[in-house]
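Everything on this sheet refers to the single structure shown next.
The values are calculated or read from the model by the stated rules, or taken from the named source; none is laboratory data. Keep in mind that what you see is a predicted model, and the values were worked out from it rather than measured. Quick reminder, even Gly has a Cβ in these numbers, built from the backbone with ideal geometry, and neighbours come from all protein chains shown.
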Amino acid sequence: MAAAFVDERRTELISRVTEVMPIADQLLPQTVFGQETYDNIDAAATRFRRLLQDAKEVRKIKTRMLSNNTDRWDLPYREMEKLRRFRRDMIKAIPLLVISIPPFANYVVFLLMYLFPRHFLIQHFWTPQQLVEFQTVYHSLRAQSYKPVLDALMQAAPSVKDSHLRSRLRELCEKVQSGGHPLVSEVHALRSLFAGSNLELKSLYAGHMKQLCSLLFLTSYVPSPLVARRLHSHAVELMHLDRALAHLELHHLSDAEIKQACYTRGVNAHSLSSSQCREWLVQWLRFSIQLKESETSLYLHSMVLLTTNYPQLHHH
């Protein structure tokens, strides 16, 4: 529904943002803010032109998909990722569009963007410093769900009928809780628990799914069946991105692209070196490309299991 809203109003969404610089031109002579702030706004206008270019590229990708009857999962990694991030950015811009509908409300929009850039500016308009700062903040919020997710797995362990798998699940959770980093093989050994059992998404308690939503920055204030469906959908999308990324090969990606890929999958990439990010992503792809779409629950839980204590990974 939100996606359709964005598609129908993309032109209006973009046109609203173009009015920021004329407003800034009016406010500068009135000493509402200084030259430095004006320069920052001007730089944002430059980034907006990049947003326009991205919008054109997205339209070209979708046009080519229609003309060639191409499924989105068959797109190259960069095109698939561009569609995903552009859609998320446009959805984030919806509140600004709604607020700016009344006459003269553009001034309110401008003030909100200036005072609360993390909440009201899409990533295209963040400065490099803001990108690091804001993603670090978002990751710290996401990381608050790591312990509850591990606790939920421990609480689910007694209901596992197979004693061997039950023991392995407890050992894995205890290893992470005590500061250790599991091997990919240790996580893979539990695949059967997360598909067709009480640990598959649709069987999880509402509170458990709420914590998983935090990993993807999704709202959980919808009925549980819809939450499970959204989690599954987003996990499937990331799994297809992983396969496209593995096909592209990591050495073709810039350090910035590598860090963004790690951040999307649960890692605080800005606290790590580029080589650490590449090393983690290699391990992650080795884990994820073997999963089936029915194993999205394991995929999401591994965003906790394989990221919580990542810096230890290079010692194994």
Going through region 198-219 in order, the residues found to be assigned to a loop (DSSP other than H, G, I, E, B) and either more than 20 Å from ASP162 (Cβ to Cβ) or free of Cβ contacts under 8 Å to residues at least 24 places away in the same chain (or both) are TYR205, LEU216, PHE217, LEU218, THR219
Taking the criterion of being of a type in the set (Ser, Thr, Tyr) and farther than 26 Å from ARG229 by Cα, would at least one residue in region 145-152 satisfy it?
no
Would you point out which residue out of PRO117, PRO95, PRO103 is closer than 30 Å to LEU245 by Cβ and either of a type in the set (Phe, Trp, Tyr) or out of contact with any Pro (no Cβ under 6 Å at 6 or more places or on another chain) (or both)?
PRO117
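Rundown of residues vs (1) surrounded by 15 or more Cβ atoms within 10 Å (Cβ to Cβ); (2) of a type in the set (A, V, I, L, M, F, W, C), yes/no style:
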residue	(1), (2)
LEU226	no, yes
ALA244	yes, yes
SER254	no, no
LYS259	yes, no
GLY266	yes, no
VAL304	yes, yes
THR307	yes, no
TYR310	yes, no
Looking across region 94-114 at residues that are without any contact (Cβ under 8 Å) to a residue 12 or more places away in the chain and in a helix (DSSP H, G or I), the single one that is farthest from PHE125 (Cα to Cα) is VAL98
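To keep it simple, each residue is scored yes or no on (1) touching a residue at least 40 places away in the same chain (Cβ under 8 Å); (2) in a helix (DSSP H, G or I); (3) buried (at least 16 other Cβ atoms within 10 Å of the Cβ).
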site	(1), (2), (3)
HIS139	yes, yes, yes
VAL149	yes, yes, yes
ALA157	no, yes, yes
ARG166	no, yes, yes
ARG170	no, yes, no
LYS175	no, yes, yes
GLN130 being closer than 24 Å to VAL304 by Cβ, within 18 Å of the chain's Cα centre (by Cα) and either outside the structural domain of THR264 (by TED's automatic domain parsing) or not basic (Lys, Arg) (or both):
no
